Ligand SMILES: NC(=O)c1ccc[n+]([C@@H]2O[C@H](COP(=O)([O-])OP(=O)(O)OC[C@H]3O[C@@H](n4cnc5c(N)ncnc54)[C@H](O)[C@@H]3O)[C@@H](O)[C@H]2O)c1
């Protein structure tokens, strides 16, 4: 049977016009639900990218706290080269009623407290109020979207978009759908996060803690085990990461790092050469618990490592270094 002739270029143009990138580019108004640590940081990022932002939080003093957090985040966004010098305060408004807040949105980023029953209820209410084509994304660090979307009429548009703290600075966003999330929602969410300068990764299966927190948890469990066994001090164990593998891992992840560890033979040679020792290290890893002994050991070790620097001092030191690292990475 003869095929209808459709010019390739016009098909591609039509797909591009309605594809995930085009839909993401059409987002003008984002609603942020929950204006705590993460919601405020997302708000700063969205404002920096020229978006209009409506924020909803039940706290009566949410607005001054939000404005203070945005003002604090802004110099970082300016230093990263993504924000104008002045905060565009006119693009921000607060709306305590979450239904009214999501009704005006082209994209919703939810950042309410990490309680499953609260988020299930919130998702059902947001789903009632938002336009049917609008993505409802949750910043949840560990909850499962299949459960959060369980009372939605349009569960296909619900997705986890898990940032790393602070979202205005750290590029990673982990995107994972629930059982009823559509592939189109995943693609559109990833396109939107790319549009605001993030590096989204696709997670194929729902697992507690997603991917990055599980990687951190694995390393931290062993770091605590080594401290409790007095193999080295808390400070030296931190240096073992930040002055060693952490520098390589900021460029390539663990797989690519060990691929390079095999020289010209790459990962094949690395495994042939070192699989025995690595397997024996795995077999010897510790199983630390987050109990009172651990708490006391970490607090004492961190007091020494902090050397009089306040939490704010340390956070500023960390963020200034990350800005420099990101600047170098952008020029790679
Ligand atoms: N803090 C982190 O490092 C981090 C990192 C990534 C993701 N997350 C996730 O982000 C989400 C928010 O975490 P956070 O650290 O910003 O918490 P937070 O406690 O700092 O902020 C939560 C905010 O939600 C508001 N809130 C309470 N009930 C609400 C409701 N019914 N509707 C809307 N807002 C409500 C609170 O008033 C508060 O301002 C959680 O799901 C958490 O897992 C946190």
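Rule-based calculations on the coordinates, nothing more; no lab input. Bear in mind the structure is a predicted one, so any value in this text is a computation, not a measurement. Reconstructed Cβ throughout: ideal geometry from the backbone, glycine too, with neighbour counts over all protein chains shown.
Quick look at the values:
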quantity	calculated
Once the Cα gyration tensor of the stretch 212-330 is diagonalised, semi-axes √(5λ) in Å	28, 22, 11
Computed [θ] at 222 nm, helices only, for the chain once each DSSP H run of length n ≥ 4 contributes -39500 (n - 2.57)	-16500 deg cm²/dmol
Cα-based Rg of the stretch 103-167 normalised by 2.2 N^0.38 Å, two decimals	1.01
Cα long-axis angle, helix 183-195 against the chain (0 to 90 degrees, to the nearest 10)	70
Estimated FRET transfer efficiency (residue 146, residue 304; beta-carbon r; R0 51 Å; 0.05)	0.70
Debye log10 I(q)/I(0) for the stretch 8-202, one point scatterer per Cα, at q = 0.09, 0.10, 0.12 Å⁻¹	-0.30, -0.37, -0.53
Cα centroid separation - the stretch 150-201 against the stretch 31-88, whole Å	19
For the stretch 229-266 and the stretch 100-118, distance of Cα centres in Å	38
Per-peptide average of other Cβ atoms within 10 Å, ordering 253-266, 163-176, 43-56, 141-154 highest first	43-56, 163-176, 141-154, 253-266
Relative intensity, log₁₀ I(q)/I(0), of the stretch 153-193 from a Debye sum that treats every alpha carbon as a point, q = 0.27 Å⁻¹	-0.87
Rg/Rh for the chain, where both radii come from Cα atoms and Rh is the Kirkwood radius	1.01
Globularity index of the stretch 113-212, i.e. its alpha-carbon radius of gyration over 2.2 N^0.38 Å	0.98
Degrees, to the nearest 10: 37-48 long Cα axis against longest axis of the chain	60
FRET E, pair residue 295, residue 115, Förster distance 25 Å, beta-carbon r, rounded to 0.05	0.60
